[in-house]
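Peer 1: My questions will all concern the structure given below.
The values are calculated or read from the model by the stated rules, or taken from the named source; none is laboratory data. No experiment lies behind these values; they were computed from the predicted model shown. Glycine also receives a Cβ, built like all others from the backbone with ideal geometry; neighbour counts cover every protein chain displayed.
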Amino acid sequence: MVQKILGRLDPDGVHLGTTHPSEALRLAEETPLDAAFLDVEMPGMNGVELAQQLQKRYPLLNVIFITGYREYMPSAFQLYASDYILKPVTEAAVANALAHLRYRREELRTCRVSARCFGSFEVYCDGKPINFARSRTKELLAYLIDRRGALCTFDMIYGNLWPDEAVTASMKSQLRTMVADLRKTLGELGVGDVLMHQERVGLSVNTDRINCDYYHFLKGNPVAIHQFRGDYMRQYAFAEETRVGLQRRFTEE
């Protein structure tokens, strides 16, 4: 049913269909996926479990759950599902899901780097997690993304990444190493233009080169607003102020 609807709505796309989770995982290994319409009730592995497996392969996969039971919605939202369709499936519901994909294909082509700020912070390039030589490099990038392109002086970075600590020569050396790691990693991926570095002054990010749920939320994107559940960059203390501001804005929407 869904495959036929997709064929009518997206005639130039490639649409694969199966009723078996194991076959779905095999197809995902062979063919890049932008979106997956998953029935929650499947033999051997339910749709939520299958989504978890698929998202390990494609962290930016758009997952649309299909079911006849509303009680599965909390599990869907915990996985940051793009949408949720109640049976019976209609062409209008599928069209709406395609029109409001969490990760837009055209955006992903323009912005090779994607950041997920709601929940734990994660950052990807071309759908794959970016691995830094140092975990604190990832924290530095998270802080710059949190600042939304504003120039962050090195004093600001010291104060937020090492709160309540005096600036030492060792701290300065560590930050220089983190900056070098960030520049090297992004440069090797071909996305060095994400980072803007003013020598001896500070750092910022080019927000036009980052597809980010936080940025979409601030622009009033209804899908991003729907996806925010009060959790933001949970592993970083500096993010608490932004989380409180987002929560306040969310309750006003």
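Peer 1: Going residue by residue through region 140-155, is there one that turns out to be under 21 Å from Leu60 (Cβ atoms) and of a type outside the set (A, V, I, L, M)? Full working, then the answer.
Peer 2: Taking region 140-155 as the starting set, the residues that turn out to be under 21 Å from Leu60 (Cβ atoms) are 141-142, 144-146, 148.
Next cut, of a type outside the set (A, V, I, L, M) only: 146, 148.
Within region 140-155, one or more residues are under 21 Å from Leu60 (Cβ atoms) and of a type outside the set (A, V, I, L, M).
Condition check ((1) more than 17 Å from Thr207 (Cα to Cα); (2) under 15 Å from the mean Cα position of the chain (by Cα); (3) aliphatic (A, V, I, L, M)) across all residues:
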site: Thr90; (1), (2), (3): yes, no, no
site: Leu98; (1), (2), (3): yes, no, yes
site: Arg112; (1), (2), (3): no, yes, no
site: Tyr124; (1), (2), (3): no, yes, no
site: Leu144; (1), (2), (3): no, no, yes
site: Ile157; (1), (2), (3): yes, no, yes
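Peer 1: If you go through region 214-222 one residue at a time, do you hit one that is assigned to a helix (DSSP H, G or I), more than 17 Å from the chain's Cα centre (by Cα) and on the phi < 0 side of the Ramachandran plot? Lay out the reasoning, then the answer.
Peer 2: We begin by selecting, within region 214-222, every residue assigned to a helix (DSSP H, G or I); these are 214-218, 222.
Next cut, more than 17 Å from the chain's Cα centre (by Cα) only: none.
No: zero hits.
Peer 1: Under 23 Å from the mean Cα position of the chain (by Cα) and within 23 Å of Gln227 (Cβ to Cβ): does that describe Lys184?
Peer 2: Values: under 23 Å from the mean Cα position of the chain (by Cα): yes; within 23 Å of Gln227 (Cβ to Cβ): no.
No, not satisfied.
Peer 1: On the basis of being farther than 27 Å from Leu101 by Cβ, surrounded by 15 or more Cβ atoms within 10 Å (Cβ to Cβ), in contact (Cβ under 8 Å) with a residue 12 or more places away in the chain and among the β-branched types (Val, Ile, Thr), does Val191 make the cut?
Peer 2: Values: farther than 27 Å from Leu101 by Cβ: no; surrounded by 15 or more Cβ atoms within 10 Å (Cβ to Cβ): yes; in contact (Cβ under 8 Å) with a residue 12 or more places away in the chain: yes; among the β-branched types (Val, Ile, Thr): yes.
When the stated conditions are applied, Val191 does not pass them.
Peer 1: Just checking, how many residues over region 16-46 are touching a residue at least 24 places away in the same chain (Cβ under 8 Å), under 23 Å from the mean Cα position of the chain (by Cα) and either assigned to a loop (DSSP other than H, G, I, E, B) or within 17 Å of Tyr69 (Cβ to Cβ) (or both)? Steps first, please.
Peer 2: So the first thing to find is which residues in region 16-46 are touching a residue at least 24 places away in the same chain (Cβ under 8 Å), and the list is 19-21, 24-25, 28-29, 32-41, 43-45.
Subset that is under 23 Å from the mean Cα position of the chain (by Cα): 24-25, 28-29, 32-40.
Imposing the further condition that a residue be either assigned to a loop (DSSP other than H, G, I, E, B) or within 17 Å of Tyr69 (Cβ to Cβ) (or both) reduces the set to 32-34, 37-40.
Matching residues across region 16-46 total 7.
Peer 1: If you don't mind, another one. Go through (1) part of a loop (DSSP other than H, G, I, E, B); (2) crowded, with 19+ Cβ neighbours inside 10 Å and name the single condition Gly230 misses.
Peer 2: It is condition (2) that Gly230 fails.
Peer 1: If you don't mind, there's one more thing I want to ask. In region 155-178, which residues are of a type outside the set (Ser, Thr, Tyr) and either surrounded by 17 or more Cβ atoms within 10 Å (Cβ to Cβ) or not in a helix (DSSP H, G or I) (or both)? Spell out how you get there, then give the answer.
Peer 2: Start the filter on region 155-178 by keeping residues that are of a type outside the set (Ser, Thr, Tyr), which leaves 155-157, 159-167, 169, 171-172, 174-176, 178.
Scanning region 155-178 gives Ile157, Asn160, Leu161, Trp162, Pro163, Asp164, Glu165, Ala166, Val167, Leu175, Met178.
Peer 1: Determine which member of the set Leu140, Leu161 is in contact (Cβ under 8 Å) with a residue 40 or more places away in the chain and within 18 Å of Asn206 (Cβ to Cβ). So that I can check it myself, show each step before the final result.
Peer 2: Details: Leu161 fails: within 18 Å of Asn206 (Cβ to Cβ).
Residue meeting the stated conditions: Leu140.
Peer 1: Could you check, for region 205-218, whether at least one of its residues is more than 30 Å from Gly190 (Cβ to Cβ) and modelled with pLDDT under 95?
Peer 2: Here is the first cut: in region 205-218, the residues more than 30 Å from Gly190 (Cβ to Cβ) are none.
Looking for residues that are more than 30 Å from Gly190 (Cβ to Cβ) and modelled with pLDDT under 95, one finds none in region 205-218, hence no.
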